Amino acid sequence: MKKVFLTILATIMVAMAQAQVTPVVLGDKHAMVRVSQHTKYVLLPVQESEDIAAIAVLNGGNDMVQRLNVKLAIDRVDYYVPYELKGAALLDIEFHGDRRQKGAVGEFVCWKEMKFSDTFDTTNRERFRPIYHHTPVYGWMNDPNGMFYKDGVWHLYYQWNPYGSQWENMTWGHSTSHDLIHWEAQPAAIEADWLGSIFSGSCVTNGDEVVAMYTSAGHHQTQSIAISKDGGRTFEKYSGNPVLTTSDVPDFRDPRPFWNEDIKAWNLILAAGQEMRIYSSKDLKDWKYESSFGKEYGNHGGVWECPDLFKIDGKWVLLCNINPGGPFGGSATQYFVGQFDGRKFTCESMPKVTKWLDYGKDHYATVSFYNAPENRRVVLAWMSNWQYANQVPTKQFRSANSIPRDLGLFQHGEETYVSVTPSKEMLAVRGAKVKKLTEACEIVVDTKSQSEIVLQNAKGEQVVMKYDGGKQTFTMDRTASGDVSFSEAFPCVTEAPTYGQIKQLRIFIDRCSIEVFDAEGKMAMTNLVFPSEPYNMIKVKGGKATIFEIKQ
């Protein structure tokens, strides 16, 4: 009898999870849904081509506990996203857009497809999902945030939309790794509050605590902090937020605090319009403005974002991410080399000199890990471009991070440049030599003064890379690389200076990305590709290629 009862109960629960939602329609753009209290999630159906629906989540006392912006499905479902109920009782939904074109609210497909469930299927359904690059399990990702190393664990936070695979609902997602290659998804770390969405920021270790400083993006952009006492797993927001405000610029964001041993105090650099502002503090809460940097220096084609400031071999490097204004359109990372006395950064180059960290189209929001071991300066970038990031041909997730890279310095002529090499952890996953090209591998090419490398598949889709020792340039042509139709800005040829001769190239392929490095670190280029089938042929003129598998 007990077995029969359990079977009936299970059947009822499944039926509840699959039952069609009946909305209360209150107007041509307004509806409410009563929430089931018997399941963990409501699975929201998303249609990316639709307008945003604003969802107010109310608890049993009719208090609003959260706001979401979700592209609820009108006539088809692209995918589902889970919302964890946590005592929610009512979803108050307001649709945007022209109802005369969309039809009657009560007939939208979202009501038929919205489900209540105790589970959410995160099985990978994307052929372009990278194998050895970090990606969110689902949803949208852009800038890496708050990266730090502590007790043998690398922590990566990131700008995340848990409720769709396009930019919205900015939250700090969280992943951890013991080797910088294999990442484990963690619960969301910092979620929006009434000060605003959680935009980019950084973490520092301060004794046993981890302090996150981030931008609260509400009506204005202000800076807030949150404190973790469990190694960065969970955070409690500071009651005195915001800790830093301004009224003179609308773009005031992406704080990067760090301990400066030279002055025995905390410094902070953050982006303000088209300059970087520098502050100092004794306690991470009260900040004193010291100076600004950027007027007339470098590229000013767009807004300056996501700064970083650190010392390498006695010199200071200021990373400045910019959008637009990149060397081939859209977003990119520029940098400046100079000196910093805790109050003012002085660039050693002439103002009009512009230096790029990576000469591909898909390398942005580069920032470094705080407290990396062995005094290393390890960075990750967002591997996309704002020109088309919302349109790339994936749905379950969007965007990956670059492979980890170590930064150094090198001299060429009268200028000091930042070197970029794959982190040593990439050598640890280099596997056996293989004869054929695979969808996830490393290629080492010993070059001559003129070299050409072509990656190709049976469909004739190809990527052509050329090194010209005479001109000291390296180019990558992805105009025929596969699907380039989703954006006019995607098909392109990118070109990088090599600052001398290249003897060896390291090329990392991972399903939808190609990252190329001069083995000595003088050149880096990162580009996305979306071939209809993996490249399985390689042709090399003027050089010799060795292919290595990547160990999983």
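The values are calculated or read from the model by the stated rules, or taken from the named source; none is laboratory data. Quick caveat, the model's predicted, so the values are computed rather than measured. Neighbour counts run over all protein chains shown; Cβ positions are idealised from the backbone, glycine included. Remember, those area values only see protein heavy atoms, side chains included, never the ligands or the DNA or RNA. Shrake-Rupley method; radii C 1.70, N 1.55, O 1.52, S 1.80 Å.
Structure summary
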quantity: Residue count for the stretch 433-466, restricted to those that are free of Cβ contacts under 8 Å to residues at least 40 places away in the same chain and open to solvent by less than 70 Å² (accessible area, probe 1.4 Å); calculated: 2
quantity: Residue in the stretch 31-39 that is in a strand (DSSP E or B), free of Cβ contacts under 8 Å to residues at least 40 places away in the same chain and farther than 26 Å from Phe397 by Cβ present; calculated: no
quantity: Criterion violated by Trp316 - all others in (1) open to solvent by 50 Å² or more (accessible area, probe 1.4 Å); (2) free of Cβ contacts under 8 Å to residues at least 40 places away in the same chain satisfied; calculated: (1)
quantity: Residues of the stretch 393-420 that turn out to be under 30 Å from Trp167 (Cα atoms) and polar (S, T, N, Q), as a count; calculated: 5
quantity: Residue satisfying condition, being open to solvent by 10 Å² or more (accessible area, probe 1.4 Å) and either among the small types (Gly, Ala, Ser) or at pLDDT 95 or above (or both), within set Lys551, Lys503; calculated: Lys503
quantity: Any hit, the stretch 236-249, residues being open to solvent by 20 Å² or more (accessible area, probe 1.4 Å), under 30 Å from Arg430 (Cα atoms) and touching a strand residue (DSSP E or B) at 6+ places or on another chain (Cβ under 6 Å); calculated: no
quantity: Long-range neighbours under 6 Å by Cβ, at least six apart or interchain, first residue modelled with pLDDT of 95 or more within the stretch 173-194, second part of a strand (DSSP E or B) and open to solvent by 60 Å² or more (accessible area, probe 1.4 Å); calculated: Thr176/Glu184
quantity: Strands (runs of 3 or more DSSP E) wholly inside the stretch 78-152 containing at least 2 residues that are among the charged types (D, E, K, R) and open to solvent by 30 Å² or more (accessible area, probe 1.4 Å); calculated: 88-95
quantity: Qualifying residue in the stretch 330-352 (condition: among the β-branched types (Val, Ile, Thr) and closer than 30 Å to Glu425 by Cα); calculated: yes
quantity: Subset tally (residues that are at pLDDT below 95 and closer than 18 Å to Met170 by Cα) for the stretch 68-106; calculated: 0
quantity: Qualifying residue in the stretch 334-355 (condition: surrounded by 20 or more Cβ atoms within 10 Å (Cβ to Cβ) and in contact with a His (Cβ under 9 Å, 6 or more places away or on another chain)); calculated: no
quantity: Members of the stretch 27-51 that are among the hydrophobic types (A, V, I, L, M, F, W, C) and at pLDDT 95 or above; calculated: Ala31, Met32, Val33, Val42, Leu43, Leu44, Val46
quantity: Checklist (1) within 25 Å of Thr526 (Cβ to Cβ); (2) open to solvent by less than 20 Å² (accessible area, probe 1.4 Å); (3) without any contact (Cβ under 8 Å) to a residue 60 or more places away in the chain applied to Gly301, failing item; calculated: (2)
